[in-house]
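Written out below as structure tokens is the structure these notes cover.
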Amino acid sequence: MDNTTPASLLDEALQRHLTGMEAAAALALRETLGAIAQACVRIGDVASLGLLAEAHGMAGASNVHGEAQQRLDVIADDLMAGSLYECRHVAAWASEEHEQPHVSPAHGVQGSLLVVFDPLDGSSNIEANISIGTIFSVLPHRYRSVAPGAADFMQPGHQQLAAGYVLYGPATLMVLTCRRGVLVFALDRRGAAQGDAPQWVLMNDEVRIPEHTREFAINASNQRFWEKPIQRYVAECVAGDTGPRMKDFNMRWVASMVAEVHRIMTRGGVFLYPRDTREPRKPGRLRLMYEAAPMALLVEQAGGRAVNGTSELLDLVPDTLHQRVPVILGSRDEIDRIVGYHADPSENVSWQLFRTRSLFVQPQA
Ligand code: AFP
């Protein structure tokens, strides 16, 4: 083991956690999650060095969405690909940074798993030294003996075998589900001075998202593009104890989905990146396969709910690898309410309220 390999605490915890699962399937999952975790330790190392490692700044290229790549996007993508390349269970992987999936040269036919990932979510926050993260999803490679193509990845989120994210914040945390609840690991680097490998230490194996909340997260600069049910929901939150909700709400927006979801995992809340009318061709901002679906599985496994407004995110069958979807997730009671508003968008739309109370417009005299 070199000094960047996380020690076996993660594997020991997963062995216990996966008790009862068929042995070969459990081994494949453990080793694959170990490979992902190892890549994330290295990504975290580079991210934490920032300017010192010349990891800040633009890479000078664009990704498949036409977004300018940061150097750290490219480094993180390479580190993840390198780790998956060596993992004997991974037949192919797909990333935000590439148009097409990569088939493992050595394991493409026999590997039992597919991995989809966003190597560095929230990368526009890098230079501001705000929390960023890696999001990953593990799917079955159902038709083994043939190397997988893009069509093999087109599986609805409820078929994910595991999903998770690593948050590179003040602490480096991995939040993981293998469909048996949600586990939180913290990366312990305290042995580094003695040359000990960093260790993923299990901190919590019963994450529950509170059903009730007074906190929501949305990019309010898009307000004029929102559809009626979202206009109504936010207007009612902003109206606080003088509106129909009869309680005050608090708003947060980090613009880093991993940080946003982690806050919800910790204390509840609602995260919305809804459908809007800006670009009708793009029904949402976030990507189904490596943002929405893995986060939806985590949230549901923690007792929350994740929808696109009308349907469960985990039921959506992707059309393309980089498909975008509206995302609304978090505390169950609030998501139930928002789905209700979508079911009958004309019901009780508080346009009166909205005219007098906007996010940034002061009430008119
Ligand atoms: P980047 O990785 O390009 O910074 O995108 C981050 C993200 O996909 C997600 O993490 C945020 O919730 C969302 O975009 C932020 O979007 P806005 O820029 O509209 O605030």
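No value in this document is a laboratory result; all are computed from the given coordinates. Values in this document were obtained by computation on a predicted structure and should not be read as measured data. All Cβ positions, glycine included, derive from the backbone under ideal geometry; neighbour counts span all protein chains shown.
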Taking 7 Å along the Cα-to-C-beta vector as the label spot, tell me the Gln159-Arg16 distance in nanometres, rounded to one decimal. 3.3
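Taking 0.36 nm per residue of sequence separation and subtracting the Cα-Cα distance, how much length would be gained by fully extending the chain between Thr266 and Ser311, in nm to one decimal? Display every interim value, and only then the final one.
On the way: separation 45, 0.36 × 45 = 16.20 nm, distance 2.49 nm.
Result for the pair: 13.7 nm of gain on full extension.
So, with +1 on the Cβ of K and R and -1 on the Cβ of D and E, and no other charges, what is the size of the charge dipole of the chain about its Cα centre, to the nearest 20 debye? Working shown, then result.
On the way: 33 positive and 42 negative charges, 174 e Å.
So the magnitude is around 840 debye.
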Based on the Cβ-Cβ distance from Asn222 to Leu27, what FRET efficiency comes out when R0 is 51 Å, to the nearest 0.05? 0.70
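Could you order peptides 114-120, 230-236 by the average number of other Cβ atoms within 10 Å of their residues, highest first? Don't skip to the end; give the middle numbers.
On the way: 114-120: 28.3, 230-236: 23.6.
Peptide ranking by packing, descending: 114-120, 230-236.
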Using only Cα atoms, tell me the angle between helix 23-49 and the longest principal axis of the chain; keep it within 0 to 90° and round to the nearest 10. 70
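Go ahead and run the numbers for FRET between Glu86 and Asn204, Cβ-Cβ distance against an R0 of 30 Å, rounding to 0.05.
Details: r = 30 Å, r/R0 = 0.98.
Computed FRET efficiency for Glu86 and Asn204: 0.50.
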Dimensions (Å) - region 196-324, Cα atoms, principal axes, largest first: 53, 39, 26
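I need Leu272, Leu316, Leu49, Leu27 ordered by Cβ neighbour count within 10 Å, fewest first.
Numbers: Leu272 23, Leu316 20, Leu49 12, Leu27 16.
Lowest to highest Cβ neighbour count: Leu49, Leu27, Leu316, Leu272.
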The chain, helix-only ellipticity at 222 nm - DSSP H runs n ≥ 4, -39,500 (n - 2.57), divided by all residues, nearest 500: -9000 deg cm²/dmol
Principal axis box of region 148-252, alpha-carbon based, largest edge first, Å: 57, 42, 27
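I'd like the Kirkwood hydrodynamic radius of the chain, using the inverse of the mean 1/r over distinct C-alpha pairs, in Å. Display every interim value, and only then the final one.
Details: mean 1/r = 0.0474 Å⁻¹.
Answer for the chain: a Kirkwood hydrodynamic radius of 21.1 Å.
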